[in-house]
Amino acid sequence: MIDHFYNYSATNIKGEEISMEEFKGKTVLVVNTASKCGLTPQLEGLESLYQKYKDQGLVILGFPCNQFGNQEPGDEQSIEEGCMINYGVSFPMFSKVEVNGKNAHPVFQYLKKEKSGLLGKRIKWNFTKFLIDKNGKTIKRFSPTTKPEKIEDYLSSSLNV
């Protein structure tokens, strides 16, 4: 079997198993998030991107992670409420995951293998972003400090416009 983004699945924030296959034909931005991080205001920018481009095929997948400075200590309910109330997040959010180490979620193991960064196959911090085109190919990795509006330039070649 060929290793492919669509081969993976993850549990959403409501506890339902979601196959990445559901996002076939869409441009996907996968982000590891945190509610108590200096970069957390990026959720607002991510939501703006999602609202602007979701009708052209963009989907953003948020994966809360508590591996960096204990910046996501809450449970799924508090994470969901914080994202919705504070930042109006409406894009799909998933259950808390690890992105580094032996317990790294398979989606992140795959993405790191496809696009390594400055730390090689490790993720440096919260809000690392991976852009996957509508064919499931990982085309770009963005650093935690890359603001969502800077990603917009990379979307046009992949969106259904």
Long-range neighbours under 8 Å by Cβ, at least six apart or interchain, first residue closer than 18 Å to Ile18 by Cα and modelled with pLDDT under 70 within region 61-77, second in a loop (DSSP other than H, G, I, E, B) and of a type outside the set (Lys, Arg): Glu76/Ile13; Glu76/Gly15; Glu76/Ser95
So which pairs qualify, if the first residue must be in region 132-161 and in contact (Cβ under 8 Å) with a residue 40 or more places away in the chain, the second must be of a type in the set (Phe, Trp, Tyr) and assigned to a loop (DSSP other than H, G, I, E, B), the Cβ gap must be under 9 Å, and the two must be at least 6 apart or on different chains? Pro144/Phe68; Pro144/Trp125; Pro144/Phe127; Thr145/Trp125; Thr145/Phe127
Flagged in region 117-131 as assigned to a loop (DSSP other than H, G, I, E, B) and without any contact (Cβ under 8 Å) to a residue 24 or more places away in the chain, in numbering order, are Leu119, Lys121, Arg122, Lys124
Show the residue pairs that are 6+ apart or on different chains and have beta-carbon atoms under 6 Å apart, the first residue being within region 86-112 and on the phi > 0 side of the Ramachandran plot, the second being assigned to a helix (DSSP H, G or I). Gly88/Glu47
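The values are calculated or read from the model by the stated rules, or taken from the named source; none is laboratory data. Keep in mind that this is a model prediction, so the values were computed, not measured. Virtual Cβ from ideal backbone geometry, glycine too; neighbours counted across all protein chains shown.
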